[in-house]
Each structure stands twice: as C-alpha cells, then as structure tokens.
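Asker: I have a structure I would like to understand better, so I am pasting it below and will then ask my questions one at a time.
The values are calculated or read from the model by the stated rules, or taken from the named source; none is laboratory data. Treat the numbers as computed from the prediction; the structure is a model and nothing was measured. No Cβ is skipped: glycine too gets one built from the backbone with ideal geometry, and neighbour counts run over all protein chains shown.
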C-alpha cells in the first residue's frame with residue numbers, strides 16, 4: 001500500500017511538474033537576453049521618441065551603466081541623435097577633461113563629471129604618427145639644437161648616448177583643443193621631427209580617430225575656438241639651423257573635416273627693433289591665444305632662449321580676415337605664466353589671467369578692463385602649492401559659468417578649485433554638494449576676515465584625485 005501510494009504520489013508530482021515546466025520555460029525565455037533584444041521598442045509599451053526623451057534627461061554619468069541593458073540601448077547611447085535631443089531640451093553637461101603626464105612620460109586623459117565628482121579614464125592616445133607628414137631630421141647635433149630649452153632636454157641627453165636615439169625620442173609639444181563635443185590633439189614632435197597629424201577623441205563613441213592633418217608641421221602651437229571652428233597659430237617648425245618660429249595660422253572646420261589658411265601674423269612690433277643684431281637674435285613667437293568677443297587675441301614675445309621680451313600682441317578679426325595691433329595695455333600687461341607663455345580663460349565674456357606671485361604659495365587673478373585698457377586684480381590670493389619645474393603647474397578653466405583653478409594641493413593631489421562669490425556661498429550648487437559648513441576651515445578657503453574683505457570670492461574644492469607623480473599638462477571643457 002505504501003509502495004502504491006508512493007508511486008501514485010510520484011506520478012502526481014510528475015504530472016504537476018509537467019504542468020509547471022511549460023510556464024517556467026516561458027518565464028525563462030521571456031527573461032533571457034536574447035528575447036529582450038528582440039523587443040521592438042527601447043522601453044516596452046512606450047514609443048521610441050518618448051524613450052529617447054527620457055534617456056536624454058538622465059545624467060550623462062549614467063550612460064556607462066545603462067548601455068549594458070541591451071545591444072539596442074548601447075546603440076542608442078552611442079548614437080548622435082540622443083545628444084541632439086539633449087541639446088534641444090537643454091540637458092547638455094560640461095565635463096572637465098584633464099591631461100597629465102605620468103612618471104614614464106606617457107600622456108593620459110581623465111574626464112571629471114563635476115556634479116558627481118566621478119573621474120573616468122579615457123582610452124590611451126594612439127602613439128602612431130604619420131611618417132609621411134613628419135619632417136626628417138638630419139643629425140643628432142641638429143636634434144639637440146632643435147630641442148634646446150624644452151623640458152625634455154634631460155631625456156634627450158640620455159637618448160643621445162643610445163643607438164637609434166632619434167627613433168626613441170618621446171612624443172611631446174602637441175597642442176590641444178575642444179570643439180563640437182570632441183577633443184583634439186594637434187602636431188608636436190616625434191622622432192625629432194615636427195608633425196602635422198591631428199587626432200580627435202569622440203566621447204560618444206569613446207574612441208580616438210585620426211582626422212585631416214594640418215598643412216604645416218607644428219609643435220607648441222596655440223589653439224582656440226571661434227565660431228565653432230578650431231584655430232591654430234604660430235608654434236615652431238623644423239629648420240636647418242634649428243627651430244623656426246612660425247607666423248602662419250590655419251583653421252579647422254570639424255563639420256567638413258577640412259583646413260583653411262588664415263593670413264599670417266604680421267608681428268609688426270618685431271620689425272621696429274633698434275639694431276640688426278637684435279632683430280637677428282630675437283625671434284618673434286606667439287605666447288598665447290584666446291577667443292574673446294568674436295575675435296582672436298594673440299599675445300606675442302621676442303625670444304632668444306631663455307630670454308623673453310613682451311612686444312604686445314595682435315588681434316585677428318574673422319569678418320575682415322585680417323590682423324590688427326593689440327591695445328598697448330592689454331598686450332604689455334598680459335600676465336606671464338611660465339617660460340614666456342601666457343595663460344588665460346574667458347568666463348561670462350570676461351577675460352581672466354593668472355599672475356604668479358613672488359611668493360611660493362599664492363598668485364593673483366586679473367581681469368582685463370577693455371574700457372581702461374588695463375589688467376586689474378579681482379582675486380588677490382590663489383592657493384598654489386606646486387611651483388616646481390612642471391610644464392604646467394596650474395591651469396585655468398571656465399566650467400558652468402564659473403572660474404576654476406587647477407593645481408596640486410598640499411597633499412600633492414590634483415585639485416579642481418572653484419571661485420565662489422562670498423555672498424553666494426550658501427546658494428552655490430557646488431558648495432552645497434561638496435562643502436559642508438564644518439569644512440569652512442579647509443586649506444583651500446580664504447577664511448581670514450582681512451582677506452575676505454579684500455577678495456570677493458572663496459576657493460572651494462570641487463574635486464581632487466591623486467595621480468601619483470604625474471604632472472599637469474592641459475585641460476579642456478567639453479559640453480555634451
């Protein structure tokens with residue numbers, strides 16, 4: 001009887017199992033990734049147009065995760081149509097892209113989402129250089145003349161004692177820009193030659209791609225954006241006797257992937273030197289480039305390494321396609337950053353520049369007063385802890401309509417500081433998210449009463465990160 005009952009119970013269980021299995025198989029099939037991929041819509045029961053509107057309103061930092069939902073979601077995240085919608089509805093985001101050089105002389109890009117404080121590392125820049133566009137060096141002696149005064153001289157001293165040193169020379173001297181939501185790396189030195197090649201990083205596709213090369217091989221040229229085009233001026237190129245400063249300029253249209261010539265800089269003040277000896281010894285060179293009020297402003301200097309003499313500058317007007325001389329007060333008073341270069345940034349139509357102090361722990365921010373043709377101090381103290389031999393110990397950026405200062409802090413971490421007006425401290429979005437009332441004594445805040453009366457801002461640390469022994473090279477702001 002027990003055996004019969006057991007057999008009956010077993011049959012009953014088998015019958016139930018047979019009844020349940022089809023449903024279970026259906027559930028598993030419905031939940032399988034393959035079936036999800038077959039769904040005709042991004043979000044079930046919603047039109048794709050509405051789904052796209054929803055996705056366009058998500059923070060961009062979320063895209064890294066939601067692209068894993070399905071192949072179709074990934075394709076949507078990597079489609080330009082999504083970012084057109086973001087632009088139409090006003091949900092684009094500005095991210096800060098920071099370039100550092102590590103202890104092995106490698107250039108590495110990192111992206112910062114300032115709202116979440118999350119850092120992301122970009123794919124490594126390609127090391128391939130277009131050999132056909134490279135200008136060949138003739139001797140090791142020429143190479144030494146070419147790089148005299150450049151920071152990589154110590155590296156080259158070691159390379160000169162090695163076989164095939166020219167082939168091992170590190171890539172350096174490249175310039176950078178950001179236009180139409182992409183990063184650009186232009187020119188530089190490779191194997192002791194100036195190169196024309198241009199690389200573009202597309203944050204949407206997360207890939208580097210080579211685009212049309214410049215017409216001239218350049219290193220250490222100056223770049224800026226005007227009317228959604230990338231302008232390149234000056235720099236140096238290879239000559240038989242060493243480096244030759246360039247007066248030429250060109251402009252890149254990212255929508256057509258083409259370069260066009262721009263009239264060369266006249267360097268009018270370089271022609272009024274008192275003696276032929278000085279004219280032959282001092283070479284004119286562009287030391288900066290800024291897009292300001294619809295025109296390009298190029299501060300200039302005369303140099304014979306290691307000496308630099310300011311000679312004002314020139315302004316390019318795209319409407320007339322011509323150069324005019326820069327106002328005296330603007331050109332002669334433009335603060336010098338390091339090795340003759342002049343760093344500036346435009347925020348809310350105001351032109352700012354950093355003026356290093358004689359002190360080792362601070363500097364000043366100046367703004368250009370167009371009416372009086374003069375540079376005026378607007379921030380009397382900027383905390384600086386690294387005045388080492390770094391190529392760029394500090395950087396300026398305009399992010400979310402506010403001035404940002406990027407440098408190493410006392411812990412040798414790279415810190416992004418935001419200038420916040422004292423009367424807006426409580427209402428500042430960055431302050432509310434990254435600064436609590438108890439942290440008002442932070443080392444980056446100007447908290448003394450005397451200094452607060454003088455300076456209308458306090459410096460708030462938006463983000464920081466340790467990059468080891470890496471050095472700051474460049475920063476760009478990309479709006480996507």
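Asker: I'm checking my understanding of the structure. Among residues of region 302-327 that are outside any strand (DSSP E or B) and at pLDDT below 80, which one is surrounded by the most Cβ atoms within 10 Å (Cβ to Cβ)?
Answerer: Among those residues, the one meeting the criterion is 305.
Asker: Continuing with the same structure: Can you name every residue in region 407-422 that is out of contact with any strand residue (DSSP E or B) (no Cβ under 8 Å at 6 or more places or on another chain) and at pLDDT below 85?
Answerer: Across region 407-422, the qualifying residue is only 410.
Asker: Another question about this same structure. Scan region 106-126 residue by residue and report those that are in contact with a strand residue (DSSP E or B) (Cβ under 8 Å, 6 or more places away or on another chain), outside any strand (DSSP E or B) and either surrounded by 14 or more Cβ atoms within 10 Å (Cβ to Cβ) or touching a residue at least 40 places away in the same chain (Cβ under 8 Å) (or both).
Answerer: Of everything in region 106-126, those that are in contact with a strand residue (DSSP E or B) (Cβ under 8 Å, 6 or more places away or on another chain), outside any strand (DSSP E or B) and either surrounded by 14 or more Cβ atoms within 10 Å (Cβ to Cβ) or touching a residue at least 40 places away in the same chain (Cβ under 8 Å) (or both) turn out to be 114, 117, 122, 123, 125, 126.
Asker: To continue, here is another question. Output the residue which, of all residues in region 223-247 that are closer than 30 Å to residue 282 by Cα and modelled with pLDDT of 95 or more, is surrounded by the most Cβ atoms within 10 Å (Cβ to Cβ).
Answerer: Among those that are closer than 30 Å to residue 282 by Cα and modelled with pLDDT of 95 or more, it is 232.
Asker: Scanning for something in contact with a helix residue (DSSP H, G or I) (Cβ under 6 Å, 6 or more places away or on another chain), without any contact (Cβ under 8 Å) to a residue 40 or more places away in the chain and crowded, with 17+ Cβ neighbours inside 10 Å, does region 58-65 turn up at least one residue?
Answerer: Yes: one or more hits.
Asker: Next up: For region 92-105, name all the residues that are over 14 Å from the mean Cα position of the chain (by Cα) and surrounded by 15 or more Cβ atoms within 10 Å (Cβ to Cβ).
Answerer: If the condition is that a residue be over 14 Å from the mean Cα position of the chain (by Cα) and surrounded by 15 or more Cβ atoms within 10 Å (Cβ to Cβ), then 92, 93 are the ones that fit.
Asker: Within region 365-406, how many residues are surrounded by 17 or more Cβ atoms within 10 Å (Cβ to Cβ), modelled with pLDDT under 90 and under 24 Å from residue 349 (Cα atoms)?
Answerer: So the count comes out to 3.
Asker: Same structure again: If only one of 154, 132, 148 is modelled with pLDDT under 90, loosely packed, with under 13 Cβ neighbours inside 10 Å and closer than 20 Å to residue 237 by Cα, which one is it?
Answerer: Residue meeting the stated conditions: 132.
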